[in-house]
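A.B. asks: Okay, handing you the structure first.
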Amino acid sequence: QVQLVESGGGLVQAGGSLRLSCAASGSFVSITTMGWYRQAPGKQRELVATTTSGGSTGNANSVKGRFTISRDNAKNTVSLQMNSLKPEDTAVYYCGASVDGQWYWGQGTQVTVSS
């Protein structure tokens, strides 16, 4: 059974920084895409940033220049460095990954940015 476990959420003031981490565990052969998504109250889950096993990355326009996704293939982890946080970044952040051709989600971690 594959599990994705996130950590690093919390409460921060606008302009501050947080770092989210996600670790994949279990029995599997390979992980291709890993990414971060978020869901604010009353809104649909949206893509924040993704990274492939080859190192390509992509960010949503709303976070470009502020958020950076990184990955450690040897440790099966993906991180999201979030800088210059804004109140509109408040959401539950989910780690997602394609593991052996199947998509998995983490349980989510709350990020709250106060104004």
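The values are calculated or read from the model by the stated rules, or taken from the named source; none is laboratory data. From a predicted model like this one, the values you see are computed outputs, not experimental measurements. So basically every Cβ, Gly included, is an ideal-geometry build from the backbone, and we count neighbours across all protein chains shown. Quick note on the areas: whole protein, heavy atoms, side chains included, nothing else; ligands and nucleic acids left out. Shrake-Rupley method; radii C 1.70, N 1.55, O 1.52, S 1.80 Å.
A.B. asks: Just the residues that are small (Gly, Ala, Ser) and in a strand (DSSP E or B), please, taken from segment 66-76. Walk me through it before giving the result.
C.D. replies: The initial filter retains those residues of segment 66-76 that are small (Gly, Ala, Ser), namely 70, 74.
Selection gives Ser70 alone.
A.B. asks: Now a separate question. Pick from Thr51, Thr57, Thr77: which is in contact with a strand residue (DSSP E or B) (Cβ under 9 Å, 6 or more places away or on another chain) and farther than 17 Å from Leu4 by Cα?
C.D. replies: Step by step, each of Thr51, Thr57, Thr77 is checked, and only Thr57 is in contact with a strand residue (DSSP E or B) (Cβ under 9 Å, 6 or more places away or on another chain) and farther than 17 Å from Leu4 by Cα.
A.B. asks: Next question. Of (1) part of a strand (DSSP E or B); (2) of a type in the set (Ser, Thr, Tyr); (3) within 26 Å of Ala14 (Cβ to Cβ), Tyr104 satisfies all except one. Which?
C.D. replies: (3)
A.B. asks: Could you count how many residues in segment 44-64 are free of Cβ contacts under 8 Å to residues at least 12 places away in the same chain and part of a loop (DSSP other than H, G, I, E, B)?
C.D. replies: Of the residues in that region, 4 qualify.
A.B. asks: May I pose another question? Identify, please: which residue in segment 34-65 is in contact with a Gly (Cβ under 8 Å, 6 or more places away or on another chain) and open to solvent by less than 50 Å² (accessible area, probe 1.4 Å) and is, among those, nearest to Ser98 (Cα to Cα)?
C.D. replies: Met34
A.B. asks: What are the residues in segment 66-90 that are open to solvent by less than 40 Å² (accessible area, probe 1.4 Å) and not hydroxyl-bearing (Ser, Thr, Tyr), if any?
C.D. replies: Arg66, Phe67, Ile69, Val78, Leu80, Met82, Leu85, Asp89
A.B. asks: Please count how many residues of segment 66-115 are of a type in the set (Asp, Glu) and under 14 Å from Ser25 (Cβ atoms).
C.D. replies: Total meeting the criteria: 2.
A.B. asks: Condition (residue is part of a strand (DSSP E or B) and at pLDDT below 95) applied to segment 77-97: is it met by at least one residue?
C.D. replies: No, that holds for no residue.
A.B. asks: Show the residue pairs meeting these rules: Cβ distance below 8 Å; 6+ apart or different chains; first residue within segment 19-33 and over 16 Å from Ser53 (Cα atoms); second residue exposed (fewer than 11 other Cβ atoms within 10 Å of the Cβ) and not acidic (Asp, Glu).
C.D. replies: Gly26/Gln1; Ser27/Gln1
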